[in-house]
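The block underneath contains the structure these notes are about, expressed in structure tokens.
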Amino acid sequence: MFPDLFTIPLPSFNLFGWQTPSSLTLHSFGFMAMLGFLIPTLIMRREFSRKGMDPELANNIAVTAIIGGFIGARLYYIFEHWQDFLLHPKDYIISGAGLVWYGGFFGGALAVLWLLWRYKAPFWKTVDVVGPQLLLGQAFGRMGCLLAADGDYGPPSDLPWAMAFPKGVVPVDVPVHPTPLYEIFFLLTFFAILWKIRRRPFPDGTFFGFYFIAAGIGRFVTEFWRTTPKIAFDWMSLAQLISIGMIITGLFIINSRRRHQDERLSTSQRLKQMAKN
């Protein structure tokens, strides 16, 4: 669609043997990624303040997640293309391509876990704020994929909303399923639901569990219209297998946090009863 939003011409000159760029281009994916970083971070700051926590923690989490996410995304991409990586390792290490979402998620998650451990932040209370913002950040990222037309779409289609991407990074002249839009729909719908109920008294960790379920459902369903290789039962992709794991993880988190709260309430009630006796 619009891989480049605009280009500003610049005077080019030789600086100590290095030729400076003759133009500055704002790429659509980079712009949406920036919004997907800034807007969720601002919302996290507000939510941390509302919960009586240090809003600066939001900045630290965002920066740490970006660094860990970039490393994780690149490692996942190399794993997916291991044979090609062995033949051309340099191309895979320094290339700007290959920012796979699942790798970025796990890399960013590990980095944030380390940060929370280092700063001794309340884990479940913190990740409850982070979870819904991940959905919003992913939606911006998927919009960047759509604008850049980076090949992250489905097979040809004659549906009214099918799109062609003749000027995309990976051009295609026939209308295809705009799968990033499908995932954006799921991500924003679940984000809106969690935002609506965020003030209700759920056990700490519940919203983080909801994030796993929401992201897993959105990706699992969207994969049916993507052209990714099917590795299980002739119809499931690797991303769908990981999505199932995320949904199960989310259900486990919600159930365990609810049981933990019930046990605490039960213990408190027993202590009060003993005090009366």
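The values are calculated or read from the model by the stated rules, or taken from the named source; none is laboratory data. This structure is a prediction, so every number in the text was calculated from the model and none was measured. Every residue, glycine as well, gets a Cβ built from its backbone with ideal geometry; the counts of neighbours run over all protein chains shown.
Some points to look at:
- Hey, residue 173 farther than 16 Å from residue 146 by Cα and either touching a strand residue (DSSP E or B) at 6+ places or on another chain (Cβ under 8 Å) or not in a helix (DSSP H, G or I) (or both) or not: no
- Output for segment 81-119, where each listed residue is over 15 Å from the mean Cα position of the chain (by Cα) and either outside any helix (DSSP H, G or I) or at pLDDT 75 or above (or both): 81, 88, 95, 96, 97, 113, 114, 115, 116, 117, 118, 119
- Residues satisfying the stated conditions in segment 209-238, i.e. touching a Lys or Arg at 6+ places or on another chain (Cβ under 8 Å) and surrounded by 19 or more Cβ atoms within 10 Å (Cβ to Cβ): 209, 237
- Considering only residues in segment 155-208 that are exposed (fewer than 14 other Cβ atoms within 10 Å of the Cβ), closer than 24 Å to residue 250 by Cβ and of a type outside the set (Val, Ile, Thr), the one that is modelled with the lowest pLDDT turns out to be 201.
Yes or no, residue by residue, for (1) part of a loop (DSSP other than H, G, I, E, B); (2) touching a helix residue (DSSP H, G or I) at 6+ places or on another chain (Cβ under 8 Å); (3) at pLDDT below 80; (4) farther than 30 Å from residue 114 by Cβ:
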| position | (1), (2), (3), (4) |
| --- | --- |
| 24 | no, no, yes, yes |
| 29 | no, yes, no, no |
| 35 | no, yes, no, no |
| 39 | no, yes, no, no |
| 52 | yes, no, no, no |
| 64 | no, yes, no, no |
| 70 | no, yes, no, no |
| 79 | no, yes, yes, no |
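- Total residues in segment 8-22 satisfying the condition of being small (Gly, Ala, Ser) and either loosely packed, with under 10 Cβ neighbours inside 10 Å or out of contact with any Ser or Thr (no Cβ under 7 Å at 6 or more places or on another chain) (or both): the figure is 1.
- Among residues of segment 158-170 that are closer than 14 Å to residue 180 by Cβ and without any contact (Cβ under 8 Å) to a residue 40 or more places away in the chain, those with a beta-carbon under 8 Å from a residue that is among the β-branched types (Val, Ile, Thr) and surrounded by 10 or more Cβ atoms within 10 Å (Cβ to Cβ) at least six positions away or on a different chain give the pairs 162/176.
- For segment 245-252, the condition of being over 22 Å from residue 126 (Cα atoms), of a type outside the set (Lys, Arg) and part of a helix (DSSP H, G or I) holds for at least one residue.
- So residue 225, is it touching a residue at least 24 places away in the same chain (Cβ under 8 Å), over 25 Å from residue 124 (Cα atoms) and not acidic (Asp, Glu): yes
- Among the residues of segment 38-65, the ones that are within 14 Å of residue 138 (Cα to Cα) and either surrounded by fewer than 17 Cβ atoms within 10 Å (Cβ to Cβ) or touching a Pro at 6+ places or on another chain (Cβ under 9 Å) (or both) come to 4 in all.
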